[in-house]
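Input: a single structure, listed below in structure tokens.
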């Protein structure tokens, strides 16, 4: 296990050899110390994740065989979830995994760009320090209470938050030492100090404080500006929350800590790391190649050949991994060389890959579904069943577009597979495809909760890849578990920050403003659906998707239900629109991942993807206009 931990740490962290030499001996020693702290934290996350998996599986066994449950299990799981969110989120920051845009910073000349990059890390340091101070205040409040089942001190729920932000402070200092020149850091510190001073002046002089509406508008401007400059989305949301409370005095700063902790403390979110884990195990265990082979046998001979295979494979792989970014990497890495060898333009491959990933956002087990189900009153099991058909609608439209475009620009196909070849390919894909079937059946028929089903999915993936395919061993298992913990931490940290940001916007009256806009259009459900599509695409591209759901879902969902729109149907519209936003240039982070995987440039792929974005938008409008596509499978299952 130590080998696995060491190899992972060797790929993470800021700086390079030149930066360490430039930083001098103290910087080198500090870097080594942070490396040791990084390895220790990764080991802690490994044992937390594996221990939590064991406890949930034991809970399932207890309930099934002896009809007994651990009443304290949910409290232990909440502590584990908070540890993954904040310690894992801090490690993801050190590894530079947090989503960031930096459009404005990238366009600056070299000198100002260096100062802007340093200012980003200085800002992260300040935000983490303010959050840490609020954590101490919250700890002093919670330490006076106890957990109802475990009878442990409630202050323990604040410890992971404080530990995570403490790590962020240390890692931000490491970046400032290793990645930036001292002069740039000094200039950046002056800029940040002046901005912080202005906030403090407004805080101390009530006459200078803006009204709630003006403060909300200013916060949103600051938030989007911070994102475009390059501040990671999660820290931009925390920045907006801190500044809003500082200038309005609407609530004490401890509210940021409380709402950030509450944002990632929902028990249902435990499904997220487990589904990510199961997806990683099955993808690294060679599942992608088997599903590509199956798709090749089914549609490789269609006009458009390998591009049709990309769409079909993405649909299939999405039933294994809940992460669309992971799907892009899995499918793209397998298909890239084959596309190149057959003479396809890689920009077309990247465009179809990005569009396919956007199309598959409603295929279970989708992380976005889990997140949406945690913030609005819609059944995750119902979404798992309902989502298959809307994604299929978009897939058919994309395949039709590939067919039409291939008439004008013929591409190579593969020979039609024989019945025997299809049977062999299907046999290789049947075991992986059993997993989504297990998920849907287990949740729909009440056999297990989503969290329990996700833990069974991990066990199924381990047994399949370790015993049947023999594609992973113990070291691979450890590496995958640690990668899962860090990736889950990054996602959960974003969700936690979005929880605080959403609370701030609700307190600032944003739902009322949006409600007034809705009423101005005459409460027309079709205009509301169209507006929701536009808003989710735009905000989803800016916020990497999940925060858009957390922030806008609780605001828009009650409005939709109030207009008579079925909740599950509206959830499908939100999910598909958000998916398009993630993969839409020039801001969608998923689009950049698709270009990177396919080794093509953003500029040429941006042109190639335009027809596919049009097809996706058409598909979403079809799904939005005809609820049957979202509800047919639910009705078939007896809803």
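Can you give me the C-alpha center-to-center distance between the range 59-79 and the range 329-343, rounded to a whole angstrom?
Using only Cα atoms to place each centre, the spacing works out to 45 Å.
Could you give the distance between the Cα centres of the range 84-117 and the range 563-612, to the whole Å?
22
Taking the number of other C-beta atoms within 10 Å as the exposure measure, put 471, 406, 145, 241 in order starting with the fewest.
So the residues, fewest neighbours to most, are 145, 471, 406, 241.
Students often get this wrong, so try it: which of (i) 3, 16, 26, 28, 19, 7, 1, 0; (ii) 3, 13, 17, 16, 14, 13, 11, 8, 4, 1, 0; (iii) 3, 13, 17, 19, 19, 14, 9, 5, 1, 0 is P(r) over Cα pairs in 10 Å bins from 0, in percent as calculated from the structure shown?
Of the labelled values, this structure produces (i).
Sort 449-459, 431-441 by packing, meaning the average of other beta carbons within 10 Å per residue, with the highest value first.
Working: 449-459: 23.7, 431-441: 18.7.
My ranking of the peptides, most packed first, is 449-459, 431-441.
Could you state the number of Å between the C-alpha centres of the range 360-412 and the range 504-558?
Using only Cα atoms, the two centres lie 21 Å from each other.
Tell me, Kirkwood radius of the range 423-494 from alpha-carbon pair distances, in Å?
On the way: mean 1/r = 0.0718 Å⁻¹.
Kirkwood radius, the range 423-494: 13.9 Å.
Which order do the peptides 296-305, 50-59 take when ranked by the mean count of other beta-carbon atoms within 10 Å per residue, highest first?
In descending order of packing, they fall as 296-305, 50-59.
For Cα pairs less than 8 Å apart in space and 6+ apart in sequence, what is the mean separation divided by the residue count of the range 2-265, i.e. the relative contact order in percent?
The value is 26 percent.
Across every pair of different alpha-carbon atoms, what Kirkwood hydrodynamic radius in Å does the range 421-465 reach? If you can, show how the numbers build up before the last one.
Details: mean 1/r = 0.0886 Å⁻¹.
So the Kirkwood estimate lands at 11.3 Å.
With only alpha-carbon atoms counted, please give the Rg and Dmax of the range 2-265, in Å.
Radius of gyration, then largest Cα-Cα span, for the range 2-265: 20.7, 68 Å.
What ranking do 386-394, 601-609, 568-576 get when scored by the average of other Cβ atoms within 10 Å per residue, highest first?
On the way: 386-394: 24.2, 601-609: 17.0, 568-576: 26.3.
Going from most to least packed, we get 568-576, 386-394, 601-609.
Cα axis of helix 474-507 to longest principal axis of the chain: angle in degrees, 0 to 90, nearest 10?
Helix 474-507 sits at roughly 60 degrees to that axis.
Counting alpha carbon pairs within less than 8 Å and at least 6 residues apart, what relative contact order, in whole percent, applies to the chain?
20
Based on the inverse mean of 1/r over its pairs of different Cα atoms, what is the Kirkwood hydrodynamic radius of the range 53-158, in Å?
About 17.6 Å, per the Kirkwood formula over Cα pairs.
Please state the relative contact order of the range 481-639 as a whole percent: Cα pairs under 8 Å, 6+ residues apart?
22
Rule-based calculations on the coordinates, nothing more; no lab input. All figures in this text were calculated on a predicted structure; none of them were measured in a lab. In this analysis, Cβ positions are derived from the backbone assuming ideal geometry, glycine residues included, and neighbour counts consider all displayed protein chains.
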